[in-house]
1. For the list (1) outside any helix (DSSP H, G or I); (2) farther than 30 Å from Ser66 by Cβ, I need the number of the one condition that Glu10 fails.
2. On the given criteria, is Ala48 surrounded by fewer than 10 Cβ atoms within 10 Å (Cβ to Cβ), free of Cβ contacts under 8 Å to residues at least 40 places away in the same chain and among the small types (Gly, Ala, Ser)?
3. When segment 32-48 is examined, which residues are found to be at pLDDT 90 or above and closer than 13 Å to Asp68 by Cβ?
4. Would you please name the residue that is modelled with the highest pLDDT, looking only at residues in segment 53-104 that are assigned to a helix (DSSP H, G or I) and among the charged types (D, E, K, R)?
5. Provide a single number: the residues in segment 55-71 that are surrounded by 11 or more Cβ atoms within 10 Å (Cβ to Cβ) and touching a residue at least 24 places away in the same chain (Cβ under 8 Å).
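The values are calculated or read from the model by the stated rules, or taken from the named source; none is laboratory data. Owing to the predicted nature of the structure, the values given are computational and were not obtained by experimental measurement. Cβ atoms come from the backbone with ideal geometry, glycine included; neighbour counts cover every protein chain shown.
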Amino acid sequence: MTKEEREQFERLRQQVEAQVAQIQALAARLAATESLQTIPEPPAWAAAAVQAAVEAKLIDTPLGGSYDFYRLLTVLHRKKDRLIVCSTDSDSNSAIVFHPRNGF
């Protein structure tokens with residue numbers, strides 16, 4: 001191996017090491033982000049909203065939601081105005097209307 005080839009090889013080795021470090025950092029960020037996708041129990045600050053949504057039959061699985069799900073549910077619960085939630089079921093085109101008087 002010539003001196004020039006050794007230098008090229010060393011630069012390549014350094015680039016690979018830098019890429020490995022970057023991949024490891026990105027993997028750690030991804031794992032942290034994915035851990036927020038499902039949390040086993042609703043946060044304490046979302047308990048009232050979850051209970052109201054269960055009672056209004058808006059949700060039937062109060063456990064195992066994402067942080068964003070519980071945050072949105074809490075915001076909607078605090079709003080307490082008339083909410084129109086369109087069905088995501090492809091078999092129906094109906095909309096469900098929730099009034100403040102039903103607790104949600």
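1. Only one criterion in (1) outside any helix (DSSP H, G or I); (2) farther than 30 Å from Ser66 by Cβ is unmet by Glu10, namely (1).
2. On the way: surrounded by fewer than 10 Cβ atoms within 10 Å (Cβ to Cβ): no; free of Cβ contacts under 8 Å to residues at least 40 places away in the same chain: yes; among the small types (Gly, Ala, Ser): yes.
The answer is no for Ala48.
3. Pro42, Pro43, Ala46
4. Arg71
5. So the answer is 9.
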